[in-house]
Amino acid sequence: MTFRTRLLLAEAPLALALAVIGLVAVLTVGQLGRAGEEVLANNYRSVLAAQRMKEALERIDSGVLFVLAGERAKGEAQIALHRPRFEDELKVQESNITEQGEREATERLRARWTAYLEALQRFSTPGADPREVEYQALLEPRFLDTKDAADAVLALNQDAMVRRSTQLHATSERVNALLVAGVLLALLLGSWAAVNLTNRALRPVGVLRQAVRRVGTGDLAARAVVKGPAELEQLSADFNAMAARLQAYRESSLGELLQAQHAAQGAIDSLPDPVLVFGLGGQLLKMNRAAEATLGFSLDEPGEPLSRAAPHVREVLERVRTHVLSGKGAFLPRGYEEAVRLEGPEGPTFLLPRATPVYAEAALMGAAVVLQDVTRLRRFDELKNDLVATVAHEFRTPLTSLRMAVHLCAEQAVGPITEKQADLLFAAREDCERLQGIVDDLLDLSRIQSGSLELEKREVTPGALVDAALAAHAMAAEQRGVRLSTQLEPLAGRLEADPARVDLVLGNLLSNAIRHSPPGASVEVVVSQQGPAVRFEVRDRGEGISPEHQKRVFERFFRVPGTSREGAGLGLAIAREIVVAHHGDIGVESAPGQGSRFWFTLPLVASAAPA
Ligand code: ADP
């Protein structure tokens, strides 16, 4: 059975109740109508006939009185007119006997009428001469008898009419009460049946709705078992199929997700260096086994994981994490000096932090931090530095003697020399000077890198630093025909630095700029505020540096291929070490043919003090 049929059937009891009530009402009204008609047919006609007969009898009697009064013609005409009327009405009455006793009353009327007619014969016969006395003795009593008989018929029928009307009234009241009770009962039964049937028809809809709700709340195993109308069975089958597909999809995507998660965890676990992954809010999401073993805490323990890390490790992790999450891009260490030292049973371990942003669909989702174990590399570096320092140191004394000897010979203090010999000795002296510079630089560098560089910090003004550096290089600039200028912006904060070391940095950048500038060009030193630091920038209009060499100019012994043989490629490396020791930054912006801008920053101490 279809759902539609079921719903229609549910309406059927009410419709049936209405039909029954309507039928009963029609029948009852019909019955009452017929009862009324019957009263009209049975009694009203007889009443009418009795009254007409009485009227005709009165007229006949007055016709007789006309005859007695001598107006025979008039009297006879009246009698002749009303006699057949009486007859007709009597016949009607005779054929309309409906009440008990009516037959006898009618027969009595007929008999008295016949007796009256006999007596009337004497008065209405032409030529007869009836007397007043005869009328009173014969006709009048018969007239009154006949009238009484007609009255009796009349009364009989009138009584019947009254009785019938009372009966009809009672019947109609009874029918009314029955009808009202019937209507109420039918409505009650019809409504009950309709509600019942509707509920039964809707039961499968309820089952389906419950299943839909459960699937909606995430219970994809819910199914609707519907037995009923074909449409609903089909609907529930379609719904179950949909829920099954959803469940299969969720199981498969969940499985894939879990697999991918295991693979990701496996991948970072297989890395020998500690790896930590932070979420966008800074919370630690993941760490590999190496991280757990090295840092001594894990994600499984309760509480904030980072709080269990050693304070200096935590500080480094938070610093690199903030660097990446604040949108500054990857964090790359500038050197081994940024490595975190961890004490272990086999001596100290050095971990160099490196952090990269984690992106999901081009949006920053977190930061991955790798702590690279650089203990061995750092040891090699130290050995190399020690070696270089030792060699440089060992070079110094013989080099001094050599310079002295060459100088004395060149100045002819030990005897005359030829011009050619003098030229050779001058060249040798220049090379000795260069070698001395390199040895000094190497010793400086190794001192800085071995950590033995003690910064003697004091409050300085950038203006004074710049002035000193410019004064020291004024001669060299003049010789090369290069103009020097400065641009100083006011600063918010004080600068605390080692003036001698910063002078070395500024001097190095200035001498490079002067050396690489064409004659007549200008070199500008600009001091400005950059966040919480002061930025020194040395701008030249020289040949510039190509991008691939820009990255390497701060490496030791690196010299851009093709540049003049002055210098050993150590000046910028030393400058970088000094700036880093001051917790500053150093860099270069340059384009070939357009000059270079070498810059470094030094952090300012809070509290405003004009530069
Ligand atoms: P050097 O003592 O050899 O100049 P530096 O470390 O000071 O060594 O510089 C490294 C290299 O960088 C130089 O050899 C030079 O090629 C390049 N360089 C430094 N400053 C400039 C500059 N202002 N313009 C162009 N090249 C420069």
Cβ-based net charge around THR28, under 12 Å, with every Lys or Arg adding one and every Asp or Glu removing one: +1
Quick one: check the C-alpha center-to-center distance for segment 378-451 versus segment 569-598, whole angstrom. 26 Å
Give me the accessible area per residue for segment 458-603, probe 1.4 Å, as a whole number in Å². 46 Å²
Which of the GluC sites (Glu not before Pro) found in segment 329-371 are loop residues per DSSP with 10 or fewer other Cβ atoms within 10 Å of their Cβ? GLU346, GLU361
Suppose we flag chymotrypsin sites (Phe, Trp or Tyr not before Pro) only when DSSP calls them loop and at most 16 other Cβ atoms lie within 10 Å. Which is the longest uninterrupted stretch of the chain? 1-556
What 222 nm value per residue comes from the helices of the chain, counting each DSSP H run with n ≥ 4 as -39,500 (n - 2.57) and dividing by all residues, nearest 500 deg cm²/dmol? -21000 deg cm²/dmol
With the Cα gyration tensor of the chain in hand, give its eigenvalues times 5 under a square root as the equivalent ellipsoid semi-axes, listed largest first in whole angstrom. 148, 31, 18
If you add up the charges near VAL316, with Lys and Arg at +1 and Asp and Glu at -1, over every other residue whose beta carbon is less than 13 angstrom from its beta carbon, what do you get? +1
Along the charge dipole of the chain, Cβ charges K/R +1 and D/E -1, which of ALA12, LEU332, LEU465 sits furthest on the positive end? ALA12
Using the Cα centre of the chain as the reference point, and only Cβ charges (+1 on K/R, -1 on D/E), how large is the resulting charge dipole? Debye, rounded to the nearest 20. 1040 debye
If you add up the charges near PRO204, with Lys and Arg at +1 and Asp and Glu at -1, over every other residue whose beta carbon is less than 13 angstrom from its beta carbon, what do you get? +3
Rounded to a whole number, what % of the accessible area of the chain do carbon and sulfur atoms account for, probe 1.4 Å? 58 percent
Among the listed pairs LYS54/LYS91; LYS286/LYS328; LYS54/LYS74; LYS74/LYS147; LYS286/LYS384, those beyond 26 Å (Cα-Cα): LYS286/LYS384
Hey, can you list the DSSP H helices of the chain whose Cα span along the axis is 24 Å or longer and whose average Kyte-Doolittle score is at least -0.5? 3-39, 45-68, 140-216, 230-269, 375-410, 419-449, 462-480
Please give the per residue accessible area of segment 271-373, computed with a probe of 1.4 Å over protein heavy atoms only, in Å². 53 Å²
Where the centre of each part is set by its Cα atoms, how far does segment 183-261 sit from segment 502-543, in angstrom? 80 Å
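The values are calculated or read from the model by the stated rules, or taken from the named source; none is laboratory data. Bear in mind the structure is a predicted one, so any value in this text is a computation, not a measurement. All Cβ positions, glycine included, derive from the backbone under ideal geometry; neighbour counts span all protein chains shown. To get the accessible areas, we keep the full protein, side chains included, count just its heavy atoms, and leave off ligands, DNA and RNA. Shrake-Rupley method; radii C 1.70, N 1.55, O 1.52, S 1.80 Å.
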